[in-house]
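Here, each number is a calculation from the coordinates, and none is a lab measurement. Bear in mind that the values here come from a model prediction, so they are computed numbers and not experimental data. Here the Cβ positions follow ideal geometry from the backbone for every residue, glycine too, while neighbour counts run over all protein chains shown.
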Amino acid sequence: MSETLAPPPPALQEAPPIIELRGVSRRFATSLDFAAKLARRLGLPVREEVVHAVDGVDLSIRKGEVVGLVGESGCGKSTLGRMVAGILPPSAGSVLWWGRDLHGLSGAEARQAKLRTQMIFQDPYASLNPRLKVAEIVGEAPQYHGLVRRGGLDAYVDEQLRRAGLDPTLKRRYPHQFSGGQRQRIGIARALAVQPDFLICDEAVAALDVSIQAQILNLFMKLRRELDLTYLFISHDLGVVEHLSDRVVIMYLGRVVEEAPAEEVFQRPNHPYTRALLAEVPRIEARKRAFSGVKGEIPSPLNPPPGCHFHPRCPHAFERCRIERPALREVAPGHRSACHLNDAA
Amino acid sequence: MSPPTLQVRNLKTHFFTRAGVVRAVDDVSFTVESGKVLGLVGESGSGKSVTGFSILGLVDPPGRVTGGSILFKGQDLATLSEAAMRRLRGNRIAMIFQDPMMTLNPVLRIDTQMIETVLAHAKVSREEARQRARDALGQVGIPSPEERLHAYPHQFSGGMRQRVAIAIALLHKPDLIVADEPTTALDVTIQGQILAEAQKLCAESGTALIWITHDLSVVAGLADDIAVMYAGKVVEQGPVVDVLDAPLHPYTVGLIGSVPSRNHRGEPLRQIPGMTPSLLNLPAGCAFRARCPRAEARCAEPPPFAEYRPGRFARCIHPYQEAVAA
């Protein structure tokens, strides 16, 4: 599998992958209720409904890289992020952490892997315990894991807060006394307190106002420089991803449809879905333009269309797209796309 | 010459809470002509939604419209009786909310809700009302509207539900639609479809549209005019091209600078320091001065809302007169 992976940009070529996904899938099944079970007993064709949230994804993230993961709701980007973080086991395929299977690690090593990979969540209102003071939220994990002595905890927490741009004198307060942007900073301080080298940001700025969003994005970039962090940045906002990422991965209905260095994706998008997505992003530079809109709805992941998932909405779809799943193939150095049109050309 | 579709003058909507008076909308004025789109832009708590609710007469206690006038085709809505307002609301003036489930009743079928809306304001037969409902659904791009009329709201996707809400707003071909963040919860490709519908609607039927949003990029492509709100006041106003290309107010400059695509990749974004102030105890003078790079002693006086260039208003004593590379 790893031979098919595209070579990373030259500067990052030497760095080993922190995380490598090989053919990772995740299915969610809705369990049958009583009536359905009864109906099945009586011989009716009732089946469990299965959602293929993530369907055969290969991805590798190298040390020091910022990878942007883009897609619309229901495309599986958050599920993928959770599998990378080790919170959710994959249904098939394997997640390699520094070359070793994340779910085959021994107790101590598994704990290390989880500590060194931290997540920042979308909703700064739901991801902080409302009954804990800020000092407890940030200090609990490093104390438990023995990263800091009891006597040094206070100074340690102060440093974490300062690094995330918060005034340490506020650490005796509760989360509800902070604004959305400040809460997101608390979440960042909490994640960094266990000294991770890899951050997964799941829509970390989506809930914030524009001016606050800019502050948090700048903080992420500053921390990357200072702490040599690696990011998986999950977002539906192409503008944010373009600004931050070295490499961009586009998902549609559980599959990666395109993957390339950021500049390449925005200048030479290959997949029709990527092109449609880029055309629809409202741009502040645009004045009184005519909106057109991609035709059709995002299909239900319960019952995705056969072949290429995008074919019912694709203006270039032909017979083969309805039957055969397109493979992710290299179309330019470091640029992979899953579209049958690339074979025809 | 007939009066403009909507003329809001010195509107004040205050909330009388136990903690004090919140001046959510404080001296807001703007005009929308028929067939035009006004983008009302601001961050959370700037008073943009309350402005929309005030126009529709939907402000609940402890809030109250305490001053100013809302002239709809020359008629002041602020002084209208509740019965008279009911005849206008949903008929001549309609509102689209961010969450379509606020508009739709989850336990009634779409046809029940739409026919009810038609019959509330028009003396037509049920069959005719049904016909109109079907046409409205077709107009907003819902496939096979005849069958979809029988569906319940939960059987639609988010984008489709928002279309149904828009179709209901369109039923009586209103003169004015107030849309409060209607595409914020939607995906990019679906947002594009809804924006296309809104554009077509204004061009074809001459409906005036107020598009309330926090996203400058959306109004950049859609609106004719922009009003930027901060802490209950309009701080800048003018044609969309002028406001975005040559912003006057430091807040607008900061807001435009914060948009990632306006910056070079990898470089720090131009951010506005600090955060939006609480409306409960705003300091006197300019509400933005604590975050403003140009603030000086004079900013402690309330700045006037002045016309710096023809049609270009700003509430600032030291606006960016020269073109700023934002």
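Fewest-first ordering of A:GLU20, B:GLU236, B:GLU128 by other beta carbons within 10 Å of each residue's beta carbon gives B:GLU128, A:GLU20, B:GLU236. Against the longest alpha carbon principal axis of chain B, how many degrees, from 0 to 90 and to the nearest 10, is the axis of helix B:110-121 turned? For helix B:110-121, the angle is close to 80 degrees.
Here A:TYR273, B:TYR320 are placed in order of increasing Cβ neighbour count within 10 Å, fewest first, which gives B:TYR320, A:TYR273.
In the elastic network of chain A, a GNM with C-alpha springs shorter than 10 Å, the most mobile of A:ALA262, A:ALA141, A:ALA36 is A:ALA36.
Note on B:271-283: average number of Cβ atoms from other chains within 10 Å of each residue's Cβ is 3.
Mind checking which lysines have their Cα closer than 25 Å to the Cα of A:LYS133? Skip sequence neighbours fewer than 8 apart in that chain. Qualifying lysines at Cα under 25 Å: A:LYS114, A:LYS171.
A convex hull fitted around the alpha carbon atoms of chain B yields 151 Å³ per residue.
Residues A:TRP98, B:TRP211 in ascending order of nearby Cβ atoms (within 10 Å, fewest first): A:TRP98, B:TRP211. With the Kirkwood sum run over all distinct C-alpha pairs, chain A has a hydrodynamic radius of 21.8 Å.
Neighbouring Cβ atoms from other chains, within 10 Å of the Cβ of residues in B:251-262, number 5 on average. If the limit is 31 Å between Cα atoms, which of B:LYS123/B:LYS200; B:LYS123/B:LYS233; A:LYS295/B:LYS36; A:LYS77/B:LYS173; A:LYS295/B:LYS73; B:LYS48/B:LYS73 go over it? From the list (B:LYS123/B:LYS200; B:LYS123/B:LYS233; A:LYS295/B:LYS36; A:LYS77/B:LYS173; A:LYS295/B:LYS73; B:LYS48/B:LYS73), the Cα-Cα distance tops 31 Å for B:LYS123/B:LYS233; A:LYS77/B:LYS173; A:LYS295/B:LYS73. Under 17 Å from the 7 Å Cα→Cβ point of B:ALA151, by amide nitrogen: which residues of the stretch B:111-142? Under 17 Å, as judged by backbone N against the label point of B:ALA151, lie B:111-115, B:133-142 of the stretch B:111-142. Normalised by 2.2 N^0.38 Å, with N the number of residues, the alpha-carbon radius of gyration of the stretch A:52-198 equals 1.15.
Computed about its Cα centre, the charge dipole of chain B is approximately 520 debye, with only Lys, Arg, Asp and Glu carrying charge at their Cβ. Taken residue by residue and averaged, Cβ atoms of other chains lying within 10 Å of the Cβ of A:240-253 number 2.
Counting charges near B:GLY42 (Lys, Arg +1; Asp, Glu -1) among other residues having Cβ under 14 Å from its Cβ returns a value of -4. Which distance in Å, rounded to a whole number, links the C-alpha centroids of the stretch B:118-187 and the stretch A:291-333? Computed from Cα coordinates, the inter-centre distance equals 29 Å. Taking the Cα centre of the stretch A:2-344 as the origin and placing charges on Cβ (Lys, Arg +1; Asp, Glu -1), which of A:ALA286, A:VAL84, A:GLY307 is farthest toward the positive end of the dipole? So the residue furthest toward the plus end is A:VAL84. Its residue count N fixes a reference of 2.2 N^0.38 Å for the stretch B:82-223, and the Cα radius of gyration divided by that reference is 1.00. Packing here is the average count of other Cβ atoms within 10 Å per residue, and on that basis the peptides B:143-154, A:155-166, highest first, run A:155-166, B:143-154.
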